Amino acid sequence: MSMTLTDLRIVTPSEVHDGWLTVDDGRITRIGRGNRPHDGHSLGGRLVVPGFVDIHSHGGAGGSYPDGEPVTAAAVAAFHLDRGTTTTLASLVTAAPETLARATAVLAELCDQGVIAGIHFEGPYLAAKRCGAHDPALLRAPDRAEFRSLLKAGRGHVRMITIAPELPGALDLIREAVAEGVVAAIGHTDATYEQTIAGIEAGATVATHLFNAMPPLAHRSPGPIAALLQDERVTVELINDGVHVHPAVLRLAIARTGPGRTALVTDAMAAAGMGDGRYRLGPMDVEVSGGVARLVDGGAIAGSTLTMDAAFRRAVVDLGVSLVDAARMTALTPARLLGLDDAIGSISIGKYADLVVLDDDLRVDGVMKRGTWVRPPSPRHG
């Protein structure tokens, strides 16, 4: 099926320009400037950005991936898709081995169906001192046999694992993960600067929600933050919700890493898209008040209620990031991290037509995935 979209403001990897594009069989086949002379579907001058890619999401719309329920997990993915996230990893939290294995097998089926793009293990190999919203009773030392069983349950769909590199056996597990094609991330860690460097040298290439669940940056004790920021091999996750990290610190981090090493993520939990109240994150009880999620027991921040469209909008409006750089941080950089940037992540000829239409306030007005409208844009008035 062929479709031409006209009267667009297209955000490409290098610029924003007025123009049009054609989609054939789910892929972008032509991109032009100005007005296309013959029939097409006009979007009335609205902005079009690449579909968002979220590499760290636990839930939304009242549901949670760690529950391991296929209908619920599909509904979570559909909720985020409606907000422009055309590619997502399902992030699991620390749980008992059999619980993790069961949830992994369920999510692998959804990967087969194209509902989600892979599985992320955030835990159980995390530092107890920096466990955040993870159940400390279920944390454990890196176990390569358990990891292999989880890989088997995932049937090739395990994409990322977050590890505290200072734990016994962590460096060997990082090496094994990388050898198996799994991205190794450093997070929920109490590592020193030197221990973090060792994790990077072992193959870790991601900082899981930088600044959160790790020692703060200090001038005599730089810790993991300095090590992760300075190494060009590392892509840093940032949660741009106005709660997890102060905007001034976000600007500072982005100034160091640039959009090519920054992946904005949601770390969303079940309350995303919902109201305040009580929710669950894995085995933990969470209270959401004013849109901020915290553990009932202890008050630690427990994920976010963020969606990727809001992360994009906040980057532009609150952080002063350009549209091109915001698109890179919400789409192309995370796509590259997953090895999918040849097919998604930017509005480029040959890539899938994963597109988000934004209105003048940078709010979602339409979503296309692989050339099909999953949220048709509203008629343009005025």
Open item on the list: For the stretch 362-382, which positions are part of a loop (DSSP other than H, G, I, E, B) and either in contact with a His (Cβ under 9 Å, 6 or more places away or on another chain) or without any contact (Cβ under 8 Å) to a residue 24 or more places away in the chain (or both)?
Closed with: Pro376, Pro377, Ser378, Pro379, His381, Gly382
TODO: Return a yes/no flag: does the stretch 23-35 have any residue that is within 18 Å of Pro376 (Cα to Cα), modelled with pLDDT under 95, of a type outside the set (Asp, Glu) and touching an Asp or Glu at 6+ places or on another chain (Cβ under 7 Å).
DONE: no
Task: Selection within the stretch 289-324 - surrounded by 22 or more Cβ atoms within 10 Å (Cβ to Cβ) and either touching a helix residue (DSSP H, G or I) at 6+ places or on another chain (Cβ under 7 Å) or under 22 Å from Pro136 (Cβ atoms) (or both) - done: Ala293, Ala302, Gly303, Ser304, Thr307, Met308, Ala311, Phe312, Ala315, Val321
Open item on the list: I'm checking my understanding of the structure. Among residues of the stretch 1-20 that are of a type in the set (Val, Ile, Thr) and part of a strand (DSSP E or B), which one is nearest to the chain's Cα centre (by Cα)?
Closed with: Val11
Task: Search result, residues across the stretch 326-346 that are crowded, with 24+ Cβ neighbours inside 10 Å, of a type outside the set (A, V, I, L, M) and not in a loop (DSSP other than H, G, I, E, B) - done: Arg328, Thr330, Thr333, Pro334
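Give the residues of the stretch 340-354 that are farther than 12 Å from Thr12 by Cβ and in contact (Cβ under 8 Å) with a residue 12 or more places away in the chain, sorted by residue number.
Leu340, Ile344, Gly350, Tyr352, Ala353, Asp354, listed by residue number.
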Task: Residue check for Ala268: closer than 30 Å to Ala96 by Cβ, at pLDDT 95 or above and in contact with a Leu (Cβ under 8 Å, 6 or more places away or on another chain) - done: yes
- [ ] Please work out which residue is surrounded by the most Cβ atoms within 10 Å (Cβ to Cβ), limiting yourself to the stretch 185-230 and to residues that are without any contact (Cβ under 8 Å) to a residue 40 or more places away in the chain and either of a type in the set (Val, Ile, Thr) or not assigned by TED's automatic domain parsing to the domain that holds Leu306 (or both).
- [x] Thr196
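The values are calculated or read from the model by the stated rules, or taken from the named source; none is laboratory data. This structure is a prediction, so every number in the text was calculated from the model and none was measured. Don't worry about glycine lacking a Cβ; one is built from the backbone with ideal geometry, like all the others, and counts go over all protein chains shown.
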